[in-house]
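All remarks here apply to the structure that follows.
The values are calculated or read from the model by the stated rules, or taken from the named source; none is laboratory data. Every value quoted in this text rests on a predicted model; they were computed, and no experiment measured them. Every residue, glycine among them, receives a Cβ derived from its backbone with ideal geometry; neighbour counts consider all protein chains shown. Note: accessible area is taken over every heavy atom of the protein model, side chains too, but ligands, DNA and RNA are not part of it. Shrake-Rupley method; radii C 1.70, N 1.55, O 1.52, S 1.80 Å.
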Amino acid sequence: MNKTIRIGNRIISENSPTFIVAEMSANHRMDLEVAVKIMQAAKDAGADAIKIQTYTADTITLDCDDPCFQITQGTLWDGMTLHKLYEQAYTPWEWQPKLQKIAEEMGLIFFSSPFDLSSVDFLEEMDVPAYKIASFEITDIPMIRKIAKLGKPMIFATGVARLSDIELALATCREEGNEDVVLLKCCSAYPTPYEDINLRTIPSMGETFGCLTGLSDHSMGTAVAGAAVALGAKVVEKHLTLRRADGGADAAFSMEPEEFKEMVEHIRIIEKALGKVTYDLTSKQEREREHSRSLFVARDMKEGEIFTPENLRSIRPANGLHTMYYEELLGKRIARDAKLGTPLSWDLVDFGEK
């Protein structure tokens with residue numbers, strides 16, 4: 001898989017800044033003005049991209065009340081059918097070209113998660129720069145194949161994927177000549193308990209599949225995203241809403257704008273702090289090293305006196321001989337008079353017999 005991918009005007013690579021995506025999902029609450037405000041909040045918070053979802057209730061499921069269509073998995077949406085949930089949560093398709101134009105005018109990259117073949121066709125008419133494959137669609141091989149043929153970057157969430165599901169999805173992409181793939185560690189629980197996230201999988205996923213990795217995070221707060229970046233995540237996606245109190249299908253586990261901004265700021269700090277592997281000292285560290293320990297005369301001494309633990313000490317600053325010589329010098333004699341506070345140097349040591 002490629003380790004350098006372009007999405008819009010952004011390069012994503014092992015050495016690039018983290019690509020930070022604000023997921024709108026259902027937080028627009030079927031109000032176009034709210035959707036635009038969420039995009040502006042994403043821009044103001046420092047997001048690189050806004051992502052939406054492209055489906056209707058009828059393209060993603062069936063209007064059926066049979067038990068298998070009931071939501072009963074202990075989620076926020078228990079008691080609803082899939083069709084009823086998606087009727088409330090979908091983003092109207094007629095909005096999407098408008099939202100794309102507004103987002104791009106704001107300087108945000110705009111892309112989407114399609115949920116069936118017709119939504120892929122619709123998004124292609126909009127010429128989106130990338131596709132997100134949602135966790136539950138990683139097993140939709142016909143859709144993955146159709147998207148892979150388009151030659152655009154594909155970002156896969158793996159929230160309900162077994163290892164074999166990931167292998168099959170990536171093999172499908174390779175068969176179609178598309179190796180611009182990012183895998184996101186994800187846990188499809190809303191909100192996600194911290195102990196279920198298993199961030200250590202991120203570097204393992206990169207090594208196992210030879211691709212760029214990231215995080216699709218449904219936990220509360222900023223800590224998990226920051227830790228993911230420290231472990232090598234190059235894409236971070238979090239849900240964004242204007243206010244959790246406004247409600248909506250995804251509001252309970254979404255970030256508010258100030259929280260999203262704080263997360264972005266933390267990620268940018270972490271990127272700076274990660275730096276590179278080096279054992280060299282910075283110029284500031286070199287100056288600070290002047291206050292490290294070395295050997296000093298700790299009492300007034302007369303020529304010929306023997307160095308003892310009382311008159312030869314390892315102290316700050318670093319002006320004297322290295323402390324590694326301390327035991328070697330004990331028992332030796334001082335070559336001339338020296339006052340307390342004199343940094344030890346070799347010309348102060350008499351190596352002759354007295």
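Would you mind stating whether E258 is more than 30 Å from A57 (Cβ to Cβ) and surrounded by fewer than 15 Cβ atoms within 10 Å (Cβ to Cβ)?
Taking the combined requirement at face value, the residue satisfies it.
Show the residue pairs that are 6+ apart or on different chains and have beta-carbon atoms under 8 Å apart, the first residue being within region 304-332 and part of a helix (DSSP H, G or I), the second being open to solvent by 50 Å² or more (accessible area, probe 1.4 Å).
T323/R293
Taking into account only those residues within region 335-354 that are over 53 Å from the mean Cα position of the chain (by Cα) and among the hydrophobic types (A, V, I, L, M, F, W, C), which is nearest to S314 (Cα to Cα)?
Ranking the qualifying residues of region 335-354, first place goes to L340.
Applying the selection to region 182-213, what residues are closer than 15 Å to V229 by Cα, of a type in the set (S, T, Y) and either loosely packed, with under 15 Cβ neighbours inside 10 Å or in contact (Cβ under 8 Å) with a residue 24 or more places away in the chain (or both)?
Matches in region 182-213: S204, T213.
Could you name every one of the helices (runs of 4 or more DSSP H) located completely within region 215-292 that has at least 2 residues being farther than 19 Å from A42 by Cα and not aliphatic (A, V, I, L, M)?
Helices (runs of 4 or more DSSP H) meeting the threshold: 257-274, 283-288.
Of all residues in region 296-328, how many are over 48 Å from the mean Cα position of the chain (by Cα), open to solvent by 70 Å² or more (accessible area, probe 1.4 Å) and over 15 Å from L340 (Cα atoms)?
Total satisfying the criteria: 2.
Give just the number: which of (1) free of Cβ contacts under 8 Å to residues at least 24 places away in the same chain; (2) out of contact with any Asp or Glu (no Cβ under 9 Å at 6 or more places or on another chain); (3) of a type in the set (S, T, N, Q) does T81 not satisfy?
(2)
Looking at (1) in contact (Cβ under 8 Å) with a residue 40 or more places away in the chain; (2) not in a loop (DSSP other than H, G, I, E, B), which is the one condition that is false for R299?
Only one criterion in (1) in contact (Cβ under 8 Å) with a residue 40 or more places away in the chain; (2) not in a loop (DSSP other than H, G, I, E, B) is unmet by R299, namely (2).
Assess whether A169 counts as being touching a Pro at 6+ places or on another chain (Cβ under 8 Å) and either closer than 26 Å to I11 by Cβ or in contact (Cβ under 8 Å) with a residue 12 or more places away in the chain (or both). Even if it seems obvious, please write down each step before you answer.
Working: touching a Pro at 6+ places or on another chain (Cβ under 8 Å): no; either closer than 26 Å to I11 by Cβ or in contact (Cβ under 8 Å) with a residue 12 or more places away in the chain (or both): yes.
For A169, the condition - touching a Pro at 6+ places or on another chain (Cβ under 8 Å) and either closer than 26 Å to I11 by Cβ or in contact (Cβ under 8 Å) with a residue 12 or more places away in the chain (or both) - is not met.
Working carefully through the options L123, L170, L82, find the one that is open to solvent by 10 Å² or more (accessible area, probe 1.4 Å) and at negative phi.
L82
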